[in-house]
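The values are calculated or read from the model by the stated rules, or taken from the named source; none is laboratory data. Model, not experiment: these values are computed from the prediction. Glycine also receives a Cβ, built like all others from the backbone with ideal geometry; neighbour counts cover every protein chain displayed.
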Amino acid sequence: MTSPRQLWLLPVLLITVIATALGALVARSLYADQTPAPPVAIEPSQPSVQPGEQPGPTEVQGTTDATTHPLYTTLQPLLQRYFDAINAKDYAAWTQTVTTTRQHDQDEADWQRDYRTTRDGSIVIHRIEAGGGGTASVLLQFTSTQDLADAPLELPATCIQWYVVWAFAKQKDEWRLAAGSTSASPQHDQCPGQ
């Protein structure tokens, strides 16, 4: 014979199991929503910015190859601050993106003179390669516009498309753009239609 105490035990146990299952589903959906979305990637192509709209958008973007690299979420914001500093002519902000060695290679007066008319845009990270000892290299392209007098001597143009490999290094546990041979010999061409 079943006692009254055992009769109420079955519904309570059933309610407990259902409540636990619902709680697990709610927790799963909450934690799943907190997973950061992957960065939006673009497909590599020639910039389609009209000549009068150069240098193009100033947001640093990445190809699928770049955005899937573990360092992308660290180096993309660093490059964004770097280019924002140049476009704003903010030397102090620029110094927060480069190594001390690179900063000492270009004092504020030289930097202001070199970038006085420069605007950078159409910035795309194509590839990131991690090196040993807290180093990395980034292949990127960007477009710069500048007065003809401020253009590089080897390419006097008001609009230039740059294809560069820049070195990065950790300085006091923070990634920074570094000086180095990879940063010293960029490829560059005059913008189409200029």
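Miscellaneous remarks
- D147 satisfies every condition listed in (1) closer than 14 Å to P186 by Cβ; (2) acidic (D, E); (3) surrounded by fewer than 19 Cβ atoms within 10 Å (Cβ to Cβ) except (1).
- Of the residues making up the range 156-181, those that are touching a residue at least 60 places away in the same chain (Cβ under 8 Å) and in a loop (DSSP other than H, G, I, E, B) are A178, A179.
- Within the span defined as the range 166-189, every residue fails to be surrounded by fewer than 16 Cβ atoms within 10 Å (Cβ to Cβ), hydroxyl-bearing (S, T, Y) and more than 16 Å from D105 (Cβ to Cβ).
- Boolean, D114 is in contact (Cβ under 8 Å) with a residue 12 or more places away in the chain and among the acidic types (D, E): yes
- With a requirement of 2 or more residues that are closer than 26 Å to H126 by Cα and under 11 Å from the mean Cα position of the chain (by Cα), the helices (runs of 4 or more DSSP H) lying completely within the range 72-113 that satisfy it span 72-88.
- Per-region count, the range 64-78, residues more than 20 Å from L177 (Cα to Cα) and in contact (Cβ under 8 Å) with a residue 60 or more places away in the chain: 1
- Of the residues R81, R102, the single one that is touching a residue at least 24 places away in the same chain (Cβ under 8 Å) and under 18 Å from K170 (Cα atoms) is R102.
- Index of the failed condition, D120 passing every other in (1) modelled with pLDDT under 95; (2) part of a strand (DSSP E or B): (1)
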